[in-house]
Amino acid sequence: MSSSEKGSIKDSKSSTKDVKEHGPEVVRSVDSDAASNGGGVDLAWKFLEQHRDNANDTGEYVDLAALRRRIDFRIVPLMFLCYTLQFLDKVILNYANVMGLQKDLNMGGNDFSNTATFLFVALLCFEIPNIWFLQAVPAAKWLGLNVILWGTATACGAAATNYQTLLVSRIFLGIFEATIAPSLMIISSMWYTKSESAPRFSFWYLGLGLGQIIGGLVSFGFQHMGPDARLSGWRTMFLTLGLVTVVVGSCVIIFLPDTPMQAKWMSDNEKVALLKHVSVNQTGVENRKFRGKEILEALTDPQVYLLLLAVILLSVSSGVVTTYSATLIRNLPGYDSKKAALMNTPSGVVSIFFTLLVGWGIRFQSHRWAWIIICILPAIVGGGLMSFLPKDNTNGILAGIYLVNAVVAPLAIFYNWTVANIAGATKRAFAAAIISGSFSLGNIIGPQTFQARDAPDYRPAKLAVMGTQAGCALVTFVLFLYYVWQNKKRNNRADNENEDAFMSPEVWTRMTDKENKGFRYSY
């Protein structure tokens, strides 16, 4: 366990023991430090300065465990609902495919694959302007607005009359969903220390597994609509889920605070105690000043490229699971569209199991790299079962399809890794956006491995699952070695005695992980 991880799981008294040691003298030194590095101070530090008496005298009396439970209750369910719906609104195309969508819209050839692909192309392209919005606009408000807009785009998909109109609705869905992962990453990192955030990332990421389960059940239910219905089953499904998404987006705007400092349900003492507690992250909470040099630093940072490559490789399989799992099951002997939708629901159970496993495993044992590889191994086995078993071995192939879903869990770890190890508000927003974008790139590649000429077995796509997962495991191990090497270099320095002081300059002056030599990488 790295030193930063150890610091993040101290009890409330030990995590605030430096309050009186680093009082007004250190506080006054922050502004000059900030001016010298050109970055400005974090808004959390400004709040602490305004409540200096609370910071020096009363913060230690707050029960952080009870406060953490209240935060969990207030913000994690909303993030969970957002992630569930963003996955569900994507994956319903998978289920609509077995409900007659292609026939109703006269789609042929690779039209369906292209529809799935261009959603992620739009998502990838909009990650670029999203970097600026993530800093310029309050995170929760920006998230809520986009949830409402993508719900509207999903509902509009019900009105599609041909391939082109469906494609337009899916492109707008991709544009508005671009912010979901970066926003949730940044919001989560405001409220929790590095080790505390891992299970919370996993919890809202459970929305993906739940979306697989709900998607199968919803599709199964809507397929029982009679032929006399005014809207076909898949159209009604698009409309219903779109409207539910709009309602959830409205709740996010109303109930989710943009920062801990703006939470009306916390007292000033509680806010001070929380900010002191999360200061061990040394990544800050909120700073609206855009620093172009941080983007240049990110572009020369090896960890960014390793994270980028790992997520691309991981997401090729995720794209296969998201778009074609129901289709693969339907092509098995003895399966029709209704049974395929129903039998796809265990995929969600597998996703949920591995997501919970790695979330709580990291909370208590750290070693993110090892938990990622633990999830990748069964996915490789699943890819092998899908690829090499004879078609009449239905149970074995079905087991393979389910096992591939283990690969879903590591994405939450990579998201958590990104915000845990990249400091500097602009650099972190940039990294969160491009890591989310790399997920989109993998999902662009994944569906394109399914070509009409390879139907119904789609063997090249199944082999791609195995190869990309093995590559992801290798890159993850290289990333682990890089972090060990970086920490070893920094541990040789003798000036890091007070690196976890909650009001020390390096914590709140918006230094990047490269600029702050007291920063330690979690692995």
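Quick rundown of the values:
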item: Carbon plus sulfur fraction of accessible area for the stretch 352-475, probe 1.4 Å, in percent; result: 73 percent
item: Solvent-free Debye scattering, log10 I(q)/I(0), computed from the Cα coordinates of the stretch 273-347 at q = 0.18, 0.21 Å⁻¹; result: -0.85, -0.98
item: Estimated distance in nm for a label pair at Asn393 and Leu474, the labels positioned 7 Å out from Cα along Cα-to-Cβ; result: 2.6 nm
item: Relative packing of 397-406, 178-187, which averages over residues the other C-beta atoms within 10 Å, highest first; result: 178-187, 397-406
item: Dipole magnitude (debye, nearest 20) for the stretch 257-317, charges at Cβ of Lys, Arg, Asp, Glu; result: 140 debye
item: Nitroxide proxy distance, nm - points 7 Å out along Cα→Cβ at Asn492 and Arg459; result: 5.3 nm
item: Out-of-range pairs (alpha-carbon distance over 22 Å; input Lys194/Lys293; Lys141/Lys194; Lys103/Lys462; Lys90/Lys427; Lys271/Lys517; Lys46/Lys276); result: Lys194/Lys293; Lys141/Lys194; Lys103/Lys462; Lys90/Lys427; Lys271/Lys517
item: FRET efficiency for Ala65 and Cys251, using Cβ-Cβ distance with R0 set to 22 Å, rounded to 0.05; result: 0.25
item: Per residue accessible area of the stretch 203-270, 1.4 Å probe, in Å²; result: 45 Å²
item: Extension gain (nm, one decimal) between Trp265 and Ile128, 0.36 nm per residue minus Cα-Cα; result: 45.9 nm
item: HN-Hα J in Hz across the stretch 374-383 - Karplus 6.51, -1.76, 1.60, θ = phi - 60°, x for Gly and Pro; result: 4, 6, 6, 4, x, 5, 5, 4, x, x
item: For the stretch 356-421, accessible area per residue (1.4 Å probe, heavy atoms of protein chains only), Å²; result: 32 Å²
item: Surrounding net charge for Thr418, when Lys and Arg each add one and Asp and Glu each subtract one, Cβ distance under 12 Å; result: +2
item: Packing rank of 43-49, 417-423, where each peptide gets the mean count of other beta carbons within 10 Å, highest leading; result: 417-423, 43-49
item: Carbon and sulfur %, accessible surface of the stretch 106-150 computed with the full protein complex present, 1.4 Å; result: 74 percent
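The values are calculated or read from the model by the stated rules, or taken from the named source; none is laboratory data. Just so you know, these numbers come straight off a predicted model, no measurement behind them. All Cβ positions, even for glycine, are placed from backbone atoms using ideal geometry, and neighbour counts span all protein chains on display. To get the accessible areas, we keep the full protein, side chains included, count just its heavy atoms, and leave off ligands, DNA and RNA. Shrake-Rupley method; radii C 1.70, N 1.55, O 1.52, S 1.80 Å.
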